Structures are given as structure tokens and as C-alpha cells.
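Worksheet for the structure shown next.
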Amino acid sequence: MNSVLLIAVGYPTIRVPDVSPPLGLLCLASYLRRETPGVRLAVIDQRATRVTEDEIVRQAAAFKPDVVGLSVLTPSAYLLPSLIEELNRALPEALVVVGGPHVSSFGQSALEECRADAAVMGEGEVVFAQIVRARNCRNDLAGIPGLLWRDGDGNIRQNQGLQPSVEDLDSLPFPAYDLIDLDVYSVQPRNNRLPLRRYISLFTSRGCPYRCTFCHHIFGKKFRAQSAAKVAEDIEYAVRSLHVRDVEILDDIFNCDPKRVIELSEILKRRGIKVGLAFPNGIRADKLDSVTVEALVEAGMYYTAIALESASPRIQATIHKSLDADDFFSACDLLTARKVFTHGFAMLGFPTETEKEMQLTINAMIDSKLHSASFSTVLPFPNTEIYEYALLHFPEKVKSLKYDAVDYSCLRFNISEVPDDRLFSLQREAWRRFYLKPSRMLRILRDYPDRAHLPRYFPMYLARICKGLGQ
């Protein structure tokens, strides 16, 4: 009987304290249960529990897993080499596999930086189950399509073919939330300081058909979605069996199919399911209209984030997002009119972007009815089109770029036409003018989802004003 230990690697920081359940690992765990009956499973979430490397190794040695799977975000990837070295020392017979967004972006170099035995890029359920079965049968990993792995001589190899993904998302089991303590997450900061309540996170779709030059490819560019009935079933289970009050939906583009959104709202209403829905990312603004917004509000939406990136039509075309700014702000008006707390994402410093275009974005965001916003400078990640551009035109900058920054919104990086000092000055100006606007302060006080928890929002509010003041 195989035993598998799954570890979410990383620590919260003062600047980025947000903690969410390790949804990717919980999806892996539930899939493994179904595909490898009898498997023993355990999950360690370092970010939520703040356990040290020594404690992780101690728990791992006590559990004695055959396979250890580690998921990591890029800012925390610096922790992997030492942790894996200690795991290898404590568990010399265990197979150590790395995955998560960092591996999906960095590919082979992520495996070169540590002594893991294999690396899974992209969607993990099918591939990881194949790895566990191979380990159980004492087979090597050469037959698993697309897998990066280290052979007996320590050489890194990549198998031919593409790593398989799940086409029928309705076939996936509910994430294995029984492997973590939900109460741990209900008392820790959530995305954008949402109220502290008992909640879970869910994926209801995977993939995005849009081809933004700066975006990841973890789930591919084909939109795959659970049916509205399956989403409603999972939400109902969470509310009635796990006793959660909120569900965070972490899709890349939840509303790609507006008909599915409306159908979901109707099912939840018919079944009498009362739940708060939050969308920290993954709502496409130009696919929102009054009917869809009303359906989302009736389903329980109280918070959403929408991404403008740039108000410049030229930049929109250049980055292949192709979002009309007027549509974005119309959606913003619809959302805020229904008292949905709405966050906006903007980016400054796209290739060839001018100061005038940056000012256009800043002014549009400030004049909007958004409750909160982020103004980040463009950061090129490997395995994206914008990275290839930056590597060609700014090779020294890219080669010296350190991705283990604690807060990407504060990272000073520039691949635009505007001088560095001016770009970062514009960024500070954006933070300051946006958050010091009196009407915005009043709107936040009026619409924050749970006023009893509003004081917890103030540290973030002050931190963003301080960014604007250059502190």
C-alpha cells in the first residue's frame, strides 16, 4: 500500500500575509484516493501552520511516505533545495516530486535547482497518479508522457508526449478537505482582507481561451468547465456538510460561459443554498452584463476582482488581452451598483508602453468606482510570450531578475519605453491618488462585506497609501 505526503511549501510574510487552503494538493489527494485505492495520505501546509523545515522533516519521517509531493509558488521556491535535501536524508527511499505554479513556469530549471526526483508541469492529477502507480510497481518514470525526471545517473530527462489533463471535470471528486483543518484558515488573512469566516476554495473550470502575453499556461488555453449542476452539488456539500459560510472560486475565467453562470444561480436558489461567493481572480469584465451580474449576486457574490491591465487600446492589442476599457468600467459600475466589493488589477510598464498610456490607465482606475486596486509593474515569467520579448530586448535585466521577492507589486522592474525613475514614480502616484480619494474611502466604508471585520482592512489600506508615499 502506497503512502503519499503532500506539502505546500512557503511562509506568509508581512507584506503578503494571505493564506488559502492548498486547493491543488487537495485535488491531487482526492483523485489519488479514487485511482489508487488504499493509499495513505497526509497534507502539510507550511504557509498556514508556519511549521519549520525541521518540523516538516520530523513529520515526514514519522509518516514514512513512499512518495512526497511538494507544491510551491515562485516567491517560495528558494526554500526547496534545503528542504528536499533534508527530506532525502531522512527518507532515502522516498520518491520526491515537485509541482505547482513555479514548476509550470520554470520547467527544467526548477528541477535543476533542487534534488527532487521528478517535476510535474501543469495539471497534476493524472500524472501524479501515474507516478504513484509506477512507484508502487517499482517501475521507472520513463513511460509517463511529458514528465521531467532524474535518472539513476542524476541526469534530467523529459519524456516524449504531452502530460495528460482531465477533459471531463464533472468526473473529478470533491477536493479532500478532510485532510486539513478548515478552522486554521478561517482565522487567517484571506485575499484582499476579506472577512474572516469558515470557507473553502474551489476550481469550477480550467483553462482560458484568451492568450494574454504575460499569463501562465498551467491549465492550457482550452476552456473546460464543470456543469452548473456539479458546481451546485459541490457548493451544497460544502455548506451542509463542511458548514462553510463562504466559497472562493479560483478559476482562470469563471464566467467564460455566461449561460453556466445563470444556470448555477438558478439551481442554488431552487435548492435554498445560502452562501457567500468570492472571486479573487477569474472574472472577465467584458463578459459581464446586467443579467449575469444579477445572477451572480443572487447566487451570493459579495466580492470580485476584475483585471483591466491597461486602458490603452494599443497596449490591449499588443498584449492580446483585447479588452475594451469602456466595457471594463461598465462592468465595474454594474458590480458596485449592487454593492459587490470590487477590486481592479492594473499593470504599468508593458513593452513599448509610453508615459501617456500609463497615465491613461492610472487616471481611468482612479476615476472608476472600484473599491480597491493593485498597480503592479510588468514582471515577465518564463514560459510566457512577454518573457521571450524581455529576454531578447533586455537580456541582462532578465538574467539578473530575482523572483523570490516578497511582494511583486513592490518589485522594481521595467521593460517599457519610460525611464525607471519615472515609471516607479508613476506607480507611487497611482497608489497614492487612488486610495486617498475621499469618495473611495466612503465607498469602502459603505460596501465592505462585513463591517465588523473592517478594521482588519485598514492595515492593507495604509500599506498601499505608504506605497504611494514611497515608504
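A few notes on this one:
- Checking each residue in segment 15-45 for being small (Gly, Ala, Ser), outside any helix (DSSP H, G or I) and over 30 Å from Arg456 (Cα atoms) picks out Gly38, Ala42.
- Residue in segment 288-297 that is of a type in the set (Val, Ile, Thr), within 30 Å of Asp234 (Cα to Cα) and touching a Leu at 6+ places or on another chain (Cβ under 6 Å) present: yes
- In segment 51-67, the residues that are outside any strand (DSSP E or B) and in contact with a helix residue (DSSP H, G or I) (Cβ under 9 Å, 6 or more places away or on another chain): Val51, Thr52, Glu53, Asp54, Glu55, Ile56, Val57, Arg58, Ala60, Ala61, Asp66
- Residues in segment 259-286 that are part of a helix (DSSP H, G or I) and surrounded by fewer than 16 Cβ atoms within 10 Å (Cβ to Cβ): Lys259, Glu266, Lys269, Arg270, Arg271.
- Screening Gly220 on (1) surrounded by fewer than 18 Cβ atoms within 10 Å (Cβ to Cβ); (2) at negative phi shows it passes everything except condition (2).
- Top-ranked residue of segment 113-136 - restricted to ones that are part of a loop (DSSP other than H, G, I, E, B) and without any contact (Cβ under 8 Å) to a residue 40 or more places away in the chain, ranked as nearest to Asn2 (Cα to Cα): Asp117
- Candidates in segment 170-187 are the residues that are surrounded by fewer than 18 Cβ atoms within 10 Å (Cβ to Cβ) and among the aliphatic types (A, V, I, L, M); of these, the one that is nearest to Lys230 (Cα to Cα) is Leu182.
- Any hit, segment 254-263, residues being within 16 Å of the chain's Cα centre (by Cα), more than 24 Å from Glu35 (Cα to Cα) and modelled with pLDDT of 95 or more: yes
- Residues satisfying the stated conditions in segment 228-248, i.e. assigned to a loop (DSSP other than H, G, I, E, B) and over 15 Å from Pro173 (Cβ atoms): His243, Val244, Arg245
- Breaking point among (1) within 22 Å of the chain's Cα centre (by Cα); (2) within 20 Å of Asp420 (Cβ to Cβ); (3) surrounded by 21 or more Cβ atoms within 10 Å (Cβ to Cβ); (4) hydroxyl-bearing (Ser, Thr, Tyr), for Ser376: (3)
- The selection criterion, being surrounded by fewer than 17 Cβ atoms within 10 Å (Cβ to Cβ), in a helix (DSSP H, G or I), small (Gly, Ala, Ser) and not assigned by TED's automatic domain parsing to the domain that holds Tyr461, does not hold for Ala48.
The values are calculated or read from the model by the stated rules, or taken from the named source; none is laboratory data. In this text, all values refer to a predicted model and were calculated from it rather than measured experimentally. Cβ sites come from the backbone with ideal geometry, for glycine too, and all protein chains shown count toward neighbours.
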